[in-house]
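The values are calculated or read from the model by the stated rules, or taken from the named source; none is laboratory data. Keep in mind that what you see is a predicted model, and the values were worked out from it rather than measured. Cβ placement follows ideal geometry from the backbone for every residue including glycine, while neighbour counts extend to all protein chains displayed.
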Amino acid sequence: MFENVLKGKTAVVTGSNSGIGLGIARELAKAGADVVLNSYTDDEADHKLAEEIAAEYGVTARYVQADMSKGAQCRALIEKAGACDILVNNAGIQHVAPIPEFPEGKWDAIIAINMSSAFHTTAAALPMMRKAGWGRVINIASAHGLTASPFKSAYVAAKHGVVGLTKVTALETAEEPITANAICPGYVLTPLVESQIPDTMKEYDMSREDVIKNVMLKRQPSKEFATVEQMGGTAIFLCTDAAAQITGTTISVDGGWTAL
Ligand code: NAD
């Protein structure tokens, strides 16, 4: 559907050696974009992912190691990319605990990786977008950027912060051919989510199907996971001319979660 619509554009996707980030990078490459993959590791497997994407879609794909918990490394990622027409801020982690017991280090790490990294990469990317005369900032927030759940204080605070940063980015670029928006996924079946299923089955003495429907997708009215391909498709749509006047807003891809 989107074949070649992004030809000539370079996309940087943070946290893209797994899950949603990797799915978005693949979809952007499928639509013709050159892609820069990233995570904090520097393994052979990371670079192999980039090689596979390049071979499969006939685009340039590179893997650049950078730790999104460090501001200077966030900015260095964009510099090393050399071009950044499409910036997808996706890197994220989670920790679940009541506020009094929430480890201070986990709070700091979640705020840094899930929120502050988007500030640093955006600061480094906007001058490049301005020079190129076109740009798209796409922040992967969450349904938790719009609503809350108990025990996810840092995650919910960071994701609400990302939505706020998205609005400011949009206002500062409003008169330019640059847009900034946040995609708010509901539950997506990534390796991270998949790995939680066996423990939850044990904890509640439930079947896999019951854990998915009655625990994980309890708040997702469609009772279906969203997919990484749907996140990629939404990101591509935000890059098309049809979305040129969509800026400073959120797009929920959450099976109705935030309609409740
Ligand atoms: P994931 O664990 O599969 O992916 C997270 C990515 O971030 C990985 O590539 C990981 O290597 C990277 N990362 C972690 N720490 C990093 C660091 N310090 N520096 C650079 N990269 C780092 O999880 P996912 O489910 O694909 O999540 C991706 C994004 O989507 C996150 O921001 C998450 O909050 C958001 N999200 C996920 C869901 C879901 O249900 N899976 C729902 C809403 C929002």
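Specify the residue that is nearest to the ligand (Cβ to nearest atom); the eligible residues are those in the range 90-105 that are more than 29 Å from residue 37 (Cα to Cα) and loosely packed, with under 10 Cβ neighbours inside 10 Å.
104
Does at least one position in the range 31-41 carry a residue that is crowded, with 22+ Cβ neighbours inside 10 Å, more than 13 Å from the ligand (Cβ to nearest atom) and among the charged types (D, E, K, R)? Working first, answer last.
Of the range 31-41, the ones crowded, with 22+ Cβ neighbours inside 10 Å are 31, 33-39.
Within this subset, residues satisfying the condition of being more than 13 Å from the ligand (Cβ to nearest atom) are 31, 33-35.
If we keep only those that are among the charged types (D, E, K, R) as well, we get 34.
Yes: the range 31-41 contains one or more residues that are crowded, with 22+ Cβ neighbours inside 10 Å, more than 13 Å from the ligand (Cβ to nearest atom) and among the charged types (D, E, K, R).
Please verify whether the range 149-161 includes one or more residues that are part of a helix (DSSP H, G or I), free of Cβ contacts under 8 Å to residues at least 40 places away in the same chain and closer than 20 Å to residue 250 by Cα.
Step one: of the range 149-161, the residues part of a helix (DSSP H, G or I) are 153-161.
Add one more test, that the residue is free of Cβ contacts under 8 Å to residues at least 40 places away in the same chain, and what stays is 156, 160.
Checking the rest, the ones that are also closer than 20 Å to residue 250 by Cα come to 156, 160.
Checked the range 149-161: at least one residue is part of a helix (DSSP H, G or I), free of Cβ contacts under 8 Å to residues at least 40 places away in the same chain and closer than 20 Å to residue 250 by Cα.
If I filter the range 37-88 down to residues being of a type in the set (Gly, Ala, Ser) and in a helix (DSSP H, G or I), which single residue comes out as farthest from residue 128 (Cα to Cα)? Show your work before the answer.
Quick first cut of the range 37-88, residues of a type in the set (Gly, Ala, Ser) only: 39, 45, 50, 54-55, 58, 61, 66, 69, 71-72, 76, 81-83.
From what's left, in a helix (DSSP H, G or I): 45, 50, 54-55, 71-72, 76, 81.
Numbers: 45: 29, 50: 23, 54: 23, 55: 27, 71: 18, 72: 17, 76: 13, 81: 11 Å.
Filtering the range 37-88 for residues that are of a type in the set (Gly, Ala, Ser) and in a helix (DSSP H, G or I), the one farthest from residue 128 (Cα to Cα) comes out as 45.
State all residues of the range 45-60 that are more than 15 Å from the ligand (Cβ to nearest atom) and farther than 19 Å from residue 230 by Cα; if no residue qualifies, say none. Please lay out each step first, then the result.
Step one: of the range 45-60, the residues more than 15 Å from the ligand (Cβ to nearest atom) are 51-52, 54-60.
Correct list: 51, 52, 54, 55, 56, 58, 59, 60.
For the range 211-226, how many residues meet the condition of being assigned to a loop (DSSP other than H, G, I, E, B) and of a type outside the set (D, E, K, R)?
Applying the first criterion (assigned to a loop (DSSP other than H, G, I, E, B)) to the range 211-226 yields 217-225.
The next check asks that each one be of a type outside the set (D, E, K, R); those that pass are 217, 220-222, 225.
Residues that pass the stated criteria total 5.
Exactly one condition in (1) part of a helix (DSSP H, G or I); (2) away from the ligand (no atom under 11 Å from the Cβ) is not met by residue 114; state its number.
Tallying (1) part of a helix (DSSP H, G or I); (2) away from the ligand (no atom under 11 Å from the Cβ), residue 114 fails exactly one: (2).
Read through the list (1) loosely packed, with under 14 Cβ neighbours inside 10 Å; (2) not in a helix (DSSP H, G or I), then give the number of the only condition that residue 168 fails.
With respect to (1) loosely packed, with under 14 Cβ neighbours inside 10 Å; (2) not in a helix (DSSP H, G or I), residue 168 is out only on (2).
Based on this model, can you work out whether residue 231 counts as assigned by TED's automatic domain parsing to the domain that holds residue 127, among the hydrophobic types (A, V, I, L, M, F, W, C) and not in a strand (DSSP E or B)? Can you show your working first?
Details: assigned by TED's automatic domain parsing to the domain that holds residue 127: yes; among the hydrophobic types (A, V, I, L, M, F, W, C): yes; not in a strand (DSSP E or B): yes.
The answer is yes for residue 231.
Only residues that are more than 12 Å from residue 92 (Cβ to Cβ) and touching a residue at least 40 places away in the same chain (Cβ under 8 Å): list them for the range 162-171, please. Write out each step before concluding.
Of all residues in the range 162-171, those more than 12 Å from residue 92 (Cβ to Cβ) come to 163-171.
Scanning the range 162-171 gives 163, 165, 166, 167, 169, 170, 171.
If you scan the range 105-154, which residues turn out to be farther than 16 Å from residue 77 by Cα and hydroxyl-bearing (Ser, Thr, Tyr)?
Matches in the range 105-154: 142, 147, 149, 153.
I'd like to check something: does the range 177-191 contain any residue that is polar (S, T, N, Q), closer than 14 Å to residue 252 by Cα and away from the ligand (no atom under 14 Å from the Cβ)? Give the derivation first.
Residues of the range 177-191 that are polar (S, T, N, Q), as a first pass: 179, 181, 190.
Adding the requirement that they be closer than 14 Å to residue 252 by Cα leaves 181.
In the following step, the residues that additionally are away from the ligand (no atom under 14 Å from the Cβ) were identified as 181.
Yes, the conditions are met somewhere in the range 177-191.
Quickly run through the range 26-51 and pick out the residues that are of a type in the set (A, V, I, L, M, F, W, C) and without any contact (Cβ under 8 Å) to a residue 40 or more places away in the chain.
We begin by selecting, within the range 26-51, every residue of a type in the set (A, V, I, L, M, F, W, C); these are 28-29, 31, 33, 35-37, 45, 49-50.
Result: 29, 35, 37, 45, 49, 50.
Specify which of the listed residues (123, 170) is at pLDDT 95 or above and touching a strand residue (DSSP E or B) at 6+ places or on another chain (Cβ under 9 Å). Explain how you work it out, then say what you get.
On the way: 123 fails: touching a strand residue (DSSP E or B) at 6+ places or on another chain (Cβ under 9 Å).
Only one candidate passes the filter, namely 170.
Among the residues of the range 197-209, how many are charged (D, E, K, R), at pLDDT 90 or above and within 28 Å of the chain's Cα centre (by Cα)?
2
Here is a yes/no grid of residues against (1) polar (S, T, N, Q); (2) under 15 Å from residue 161 (Cβ atoms):
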site	(1), (2)
68	no, yes
85	no, no
89	yes, yes
92	no, yes
101	no, no
118	no, yes
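Just one of (1) of a type in the set (Val, Ile, Thr); (2) touching a residue at least 60 places away in the same chain (Cβ under 8 Å); (3) more than 9 Å from the ligand (Cβ to nearest atom); (4) in a helix (DSSP H, G or I) trips up residue 200, so point out which.
(2)
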